[in-house]
Amino acid sequence: MASHHIERIRHETRRRSLTVETIDRLTPRMLRISFAATDLNDFVSASADDHIKLFFPSGEGTGEGERSSMRDFTPRSFDTGQGRLVIDFALHEAGPATGWAAAAKVGDALEIGGPRGSAVIPDDFDWYLLIGDETALPAIGRRVEELRPDVPVTTIVAVASLEEAQTFKTRANWTPVWCVRDGAVDDAALLRTVLEARDPPPGEGFVWIAAEAAVARALRSYILEHRQHPREWIKAAGYWARGKADAHERIED
């Protein structure tokens, strides 16, 4: 009998210095940067949607007094033995993260902190449904790749164009659904329309949602109220909020 127990783990946090090793453009709006580090031997990221803090120079102050801007990012993959950490950057509206990533060169340095903790979703559900926008793709990709063989997983992702679609190597039974935005339709309406047209598979499933905060909240409400899905088997987060800088919000009752 599956327990479906979500384990919450706290980690000791400290800053680490990374050096850009390789830069690859996955899609027109997604950049993958691989970092090398000498102190990743005790780095822990136990969940696909963990977040680390990246510290970007703000250009304010000088020398040791220079201020930095912090942003949350998902560790896309990591290898503590090889001292390597991979982070995907969604290149969207202007900001310190987008500006830094777009101008990054091999050899550039960057500091990170965390993750502070992990919410480990067990791989014992009958199926998984992962919903989001471009900012959720690093976590979605990592989760799809880590799932057990043959378990059904559907991803529903809002993107600017089909050029933003990604392919993940996975042993799971993966069904990707790419929702191209229409200028007259917001992400909440677009993703809900797709959800309404699809019946959930039989059995016990886990639903994961990450997008703009208002979008994530609306989709969670729809899953709870119209699908009558158990709330303990839903995890939703606002990975960003319109009009706010460095916003990351856990969506709960």
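Quick notes on this structure:
- Conditions (1) surrounded by 15 or more Cβ atoms within 10 Å (Cβ to Cβ); (2) charged (D, E, K, R); (3) assigned to a loop (DSSP other than H, G, I, E, B): number failed by D182: (1)
- Cβ-Cβ under 7 Å pairs, at least 6 apart or on other chains, the stretch 115-141 side part of a helix (DSSP H, G or I), far side open to solvent by less than 20 Å² (accessible area, probe 1.4 Å) and basic (K, R): P138/R76; G141/R76
- Residue that is least open to solvent (accessible area, probe 1.4 Å), among those in the stretch 43-87 that are among the acidic types (D, E) and modelled with pLDDT under 90: E66
- Exclusive hit being within 26 Å of G95 (Cα to Cα), open to solvent by 20 Å² or more (accessible area, probe 1.4 Å) and part of a helix (DSSP H, G or I), set A214, A189: A214
- Filter pass, D199 being assigned to a loop (DSSP other than H, G, I, E, B), without any contact (Cβ under 8 Å) to a residue 12 or more places away in the chain and not β-branched (V, I, T): yes
- If the condition is being over 23 Å from Y128 (Cβ atoms), hydrophobic (A, V, I, L, M, F, W, C) and modelled with pLDDT of 95 or more, then the stretch 1-42 contributes L18, V20, I23, L31, I33, F35, A36.
- When I234, I209 are checked against the criterion of being in contact (Cβ under 8 Å) with a residue 12 or more places away in the chain, β-branched (V, I, T) and under 16 Å from T135 (Cα atoms), I209 stands alone in meeting it.
- Number of positions in the stretch 130-173 that are charged (D, E, K, R), closer than 19 Å to I87 by Cβ and surrounded by fewer than 19 Cβ atoms within 10 Å (Cβ to Cβ): 3
The values are calculated or read from the model by the stated rules, or taken from the named source; none is laboratory data. Small disclaimer: the values here were computed from a predicted structure and weren't measured. So basically every Cβ, Gly included, is an ideal-geometry build from the backbone, and we count neighbours across all protein chains shown. Each accessible area value is taken on the protein alone, full model and side chains, heavy atoms only, with ligands, DNA and RNA left out. Shrake-Rupley method; radii C 1.70, N 1.55, O 1.52, S 1.80 Å.
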